[in-house]
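Peer 1: Would you mind keeping the following structure in view while I ask a few things?
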Amino acid sequence: MSHDSVELISAGHICLDITPQFPHSTSPRPFNRLLRPGSLVIVEPATLSSGGGAANVGLAAQRLGLSVALMGKCGDDLLGQTLLEVLRRFSPECVRGMRVVPGEHTSYSVTLAVPGSDRIFLHCPGANDTFTADDVDMELVSSGRLFYFGYPPLMANMYAGRGEELTRLFRRVKQAGITTALDMALPDPEKAGGKADWPAILGNVLPHVDVFAPSVEELTFMLRRQEYDRLIGAGDILDQFSPQLLRGLGRRCLELGAAVVMVKCGRHGVYVCSGPADRIQQMGSTAPDPAGWAGRELFAPSYVVQDIASAAGAGDSAVAGFLAGLLRGADLPTAADYACAVGAQNVRAIDTVSGVRSWQETTAELANPRVQPVIRLD
């Protein structure tokens, strides 16, 4: 089957998000008093949306004007049919890379966002756990300019055996001459994903990764587990990280083979570092000009946002902004600015996608006020 060319293949973890809406109250009850055994809780209509890195990054990139194909795996069950319908309503063309497997269970999440309490997520991995490199349509990938893969820590086959499937997939895509990008998710420390050998997995896959875009929490967990445990035991890592930590993590990823590393630092912004010119030139179909990308290190502070609706998917939107900047020919500092701008757009909306604006509107927002940087690299 022939495929029209696309700019971004957005692959990896995908699920159906189900979010019951709880009525707002002037005196909200604590979560443990609201949801008690045997009780009936009246809620408002639920919202249905797509979730996971493949959908969040791909749909945000499409709103920025990129041509996108999603590449995930779901079952032929009712949840899978609903997920595909949600995606088609956003863009009929984006589902062309989706794999529907009879008998598989579609992944879903139920988000319990009780007013006055932190959100609780109930998640079924479903078909994400059986995803392998063979579920990727290489003919479609070969028609693209950039291949993104998101959330392998939440996909059992992709981290098993020191990431053999993940490495096989990225090696195959790189051999096709396509620029590659990899994003992460924070695994449950008590589950198999949290107990996987992440230093070994990253050592295997990063030689085939051009853009690596984890969060500071994820990367600290994977490469400096003892330091992660110490920091998380003292509170929020985003209140404690230092230039030394970011530099150490970024440089280690470059040593392992990545060309460009963007570490997402939540409300503070993004840290970016890059390898030498010869590695930038090896980035494949979307290799940028080394003059604007090689040997760089910077911290781009976030943009000021007055009214925050939800931070869900903000990191994914930042990745979409960075990749869009790369695809549109921006230099590295400007691509980092696009990451921060699209992340700021995301938090203005309750869902993971609708806050993202057009490329022209986003470019205009690059001049908006920034927060005071918490990290100085000089």
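Peer 1: For the stretch 197-209, give me the residue count where each residue is in contact with a Lys or Arg (Cβ under 8 Å, 6 or more places away or on another chain) and either surrounded by fewer than 22 Cβ atoms within 10 Å (Cβ to Cβ) or basic (Lys, Arg) (or both).
Peer 2: Residues flagged as in contact with a Lys or Arg (Cβ under 8 Å, 6 or more places away or on another chain) and either surrounded by fewer than 22 Cβ atoms within 10 Å (Cβ to Cβ) or basic (Lys, Arg) (or both) within the stretch 197-209 amount to 4.
Peer 1: Of the residues Asp351, Asp378, which is within 30 Å of Ile18 (Cβ to Cβ), acidic (Asp, Glu) and in a loop (DSSP other than H, G, I, E, B)?
Peer 2: Numbers: Asp378 fails: within 30 Å of Ile18 (Cβ to Cβ).
Criteria check complete, one pass: Asp351.
Peer 1: Then there is this: With the requirement that a residue be in a helix (DSSP H, G or I) and among the acidic types (Asp, Glu), what does the stretch 268-299 give you?
Peer 2: Going residue by residue through the stretch 268-299, those that are in a helix (DSSP H, G or I) are 268, 277-281, 284-286, 290-293.
Within the stretch 268-299, Asp278 is the sole residue that qualifies.
Peer 1: Just give me the residues in the stretch 273-284 being in contact with a Gly (Cβ under 9 Å, 6 or more places away or on another chain) and surrounded by 15 or more Cβ atoms within 10 Å (Cβ to Cβ), in sequence order.
Peer 2: Those that are in contact with a Gly (Cβ under 9 Å, 6 or more places away or on another chain) and surrounded by 15 or more Cβ atoms within 10 Å (Cβ to Cβ): Cys273, Ser274, Gly275, Arg279, Ile280, Gly284.
Peer 1: Could you count how many residues in the stretch 87-112 are within 23 Å of Arg63 (Cβ to Cβ), surrounded by 13 or more Cβ atoms within 10 Å (Cβ to Cβ) and at pLDDT below 90?
Peer 2: Residues flagged as within 23 Å of Arg63 (Cβ to Cβ), surrounded by 13 or more Cβ atoms within 10 Å (Cβ to Cβ) and at pLDDT below 90 within the stretch 87-112 amount to 4.
Peer 1: Taking the stretch 184-233 on its own, how many of its residues are β-branched (Val, Ile, Thr) and free of Cβ contacts under 8 Å to residues at least 24 places away in the same chain?
Peer 2: Applying the first criterion (β-branched (Val, Ile, Thr)) to the stretch 184-233 yields 201, 205, 209, 211, 216, 220, 232.
Right, trim to free of Cβ contacts under 8 Å to residues at least 24 places away in the same chain and you get 232.
So the count comes out to 1.
Peer 1: I've got another one for you. Would you be able to say whether some residue in the stretch 317-328 is under 26 Å from Asp210 (Cβ atoms) and among the polar types (S, T, N, Q)? So that I can check it myself, show each step before the final result.
Peer 2: Of the residues in the stretch 317-328, the ones under 26 Å from Asp210 (Cβ atoms) are 317-328.
Those left that are additionally among the polar types (S, T, N, Q): 317.
Yes.
Peer 1: Restricting attention to the stretch 21-37, does a residue exist that is at pLDDT below 90 and part of a strand (DSSP E or B)? Walk me through how you get there before you give the answer.
Peer 2: First pass over the stretch 21-37, keeping only residues at pLDDT below 90: 21-37.
When the remaining residues are screened for being part of a strand (DSSP E or B), the result is 21.
Looking through the stretch 21-37, at least one residue is at pLDDT below 90 and part of a strand (DSSP E or B).
Peer 1: Do we find that Asp137 is touching a residue at least 12 places away in the same chain (Cβ under 8 Å) and among the acidic types (Asp, Glu) in this structure?
Peer 2: The answer is yes for Asp137.
Peer 1: Follow-up. Considering only residues that are farther than 22 Å from Ala318 by Cβ and in contact with a Ser or Thr (Cβ under 7 Å, 6 or more places away or on another chain), look in the stretch 129-172 and name the one that is surrounded by the most Cβ atoms within 10 Å (Cβ to Cβ).
Peer 2: Of everything passing the filter in the stretch 129-172, Glu165 is surrounded by the most Cβ atoms within 10 Å (Cβ to Cβ).
Peer 1: Has the stretch 68-75 got at least one residue that is of a type outside the set (A, V, I, L, M, F, W, C) and surrounded by fewer than 24 Cβ atoms within 10 Å (Cβ to Cβ)? Show your work before the answer.
Peer 2: Here is the first cut: in the stretch 68-75, the residues of a type outside the set (A, V, I, L, M, F, W, C) are 72-73, 75.
With surrounded by fewer than 24 Cβ atoms within 10 Å (Cβ to Cβ) added as a condition, the list becomes 75.
So far as the stretch 68-75 goes, yes, one or more of its residues are of a type outside the set (A, V, I, L, M, F, W, C) and surrounded by fewer than 24 Cβ atoms within 10 Å (Cβ to Cβ).
Peer 1: Is there a residue being touching a residue at least 12 places away in the same chain (Cβ under 8 Å) and assigned to a loop (DSSP other than H, G, I, E, B) anywhere in the stretch 160-168?
Peer 2: No, the conditions are met nowhere in the stretch 160-168.
Peer 1: For the stretch 176-208, which residues satisfy the criterion of being under 12 Å from Phe147 (Cα atoms) and over 17 Å from the mean Cα position of the chain (by Cα)? Spell out the reasoning first.
Peer 2: First pass over the stretch 176-208, keeping only residues under 12 Å from Phe147 (Cα atoms): 176-183, 208.
Once the filter is applied, which keeps residues that are under 12 Å from Phe147 (Cα atoms) and over 17 Å from the mean Cα position of the chain (by Cα), the stretch 176-208 yields Ala176, Gly177, Ile178, His208.
Peer 1: How many of the residues making up the stretch 289-339 are small (Gly, Ala, Ser), surrounded by fewer than 17 Cβ atoms within 10 Å (Cβ to Cβ) and within 30 Å of Ser109 (Cα to Cα)? Don't jump to the end; show me each part of the working.
Peer 2: Quick first cut of the stretch 289-339, residues small (Gly, Ala, Ser) only: 291-292, 294-295, 300, 302, 309-315, 317-318, 320-321, 324-325, 329-330, 335-336, 339.
In the following step, the residues that additionally are surrounded by fewer than 17 Cβ atoms within 10 Å (Cβ to Cβ) were identified as 291-292, 295, 309-311, 329.
Imposing the further condition that a residue be within 30 Å of Ser109 (Cα to Cα) reduces the set to 309-311.
So the answer is 3.
Peer 1: Here is a follow-up. Can you name the residue in the stretch 249-267 that is assigned to a helix (DSSP H, G or I) and within 23 Å of Gly163 (Cα to Cα) and, of all such residues, is farthest from the chain's Cα centre (by Cα)? Working first, answer last.
Peer 2: Keep residues of the stretch 249-267 that are assigned to a helix (DSSP H, G or I), which gives 249-256, 266-267.
This time we only want the ones that are within 23 Å of Gly163 (Cα to Cα), so: 249-256.
Numbers: Leu249: 18, Gly250: 17, Arg251: 21, Arg252: 20, Cys253: 17, Leu254: 20, Glu255: 22, Leu256: 21 Å.
Applying the filter and picking the extreme gives Glu255.
Peer 1: Hey, does the stretch 39-51 have a residue that's closer than 30 Å to Ala287 by Cβ, in contact with a helix residue (DSSP H, G or I) (Cβ under 6 Å, 6 or more places away or on another chain) and either of a type in the set (A, V, I, L, M, F, W, C) or not in a helix (DSSP H, G or I) (or both)?
Peer 2: In the first step, residues of the stretch 39-51 are kept if they are closer than 30 Å to Ala287 by Cβ; the result is none.
Checking the stretch 39-51: not a single residue is closer than 30 Å to Ala287 by Cβ, in contact with a helix residue (DSSP H, G or I) (Cβ under 6 Å, 6 or more places away or on another chain) and either of a type in the set (A, V, I, L, M, F, W, C) or not in a helix (DSSP H, G or I) (or both).
Peer 1: Of everything in the stretch 280-304, what is among the β-branched types (Val, Ile, Thr) and free of Cβ contacts under 8 Å to residues at least 60 places away in the same chain? Give them in sequence order. Let's see the steps before the verdict.
Peer 2: Of the stretch 280-304, the ones among the β-branched types (Val, Ile, Thr) are 280, 286, 304.
If the condition is that a residue be among the β-branched types (Val, Ile, Thr) and free of Cβ contacts under 8 Å to residues at least 60 places away in the same chain, then Ile280 is the only one that fits.
Peer 1: Same structure, new question: Considering the stretch 174-193 alone, what residues qualify as being in a loop (DSSP other than H, G, I, E, B) and closer than 16 Å to Leu323 by Cβ? If you could, list the steps in order and put the result at the bottom.
Peer 2: So the first thing to find is which residues in the stretch 174-193 are in a loop (DSSP other than H, G, I, E, B), and the list is 176-178, 183-191.
Residues satisfying the conditions are Ile178, Asp183, Met184.
Peer 1: To continue, here is another question. Taking only pairs six or more apart or across chains, which ones have beta-carbon atoms under 7 Å, a first residue in the stretch 4-15 that is in a strand (DSSP E or B), and a second residue that is among the basic types (Lys, Arg) and modelled with pLDDT of 95 or more?
Peer 2: From the stretch 4-15, the pairs are Glu7/Arg145.
Peer 1: Right, something else. Among Ser358, Ser354, which is the only one that is under 28 Å from Val6 (Cβ atoms) and at pLDDT below 95?
Peer 2: Details: Ser358 fails: at pLDDT below 95.
Among Ser358, Ser354, only Ser354 is under 28 Å from Val6 (Cβ atoms) and at pLDDT below 95.
Peer 1: Assess whether Phe212 counts as being aromatic (Phe, Trp, Tyr) and surrounded by 23 or more Cβ atoms within 10 Å (Cβ to Cβ).
Peer 2: yes
The values are calculated or read from the model by the stated rules, or taken from the named source; none is laboratory data. Only a predicted model underlies this, so the values are computations on that prediction, with no experimental measurement involved. With ideal geometry, Cβ positions are generated from the backbone for all residues, glycine too; neighbour counts draw on all protein chains shown.
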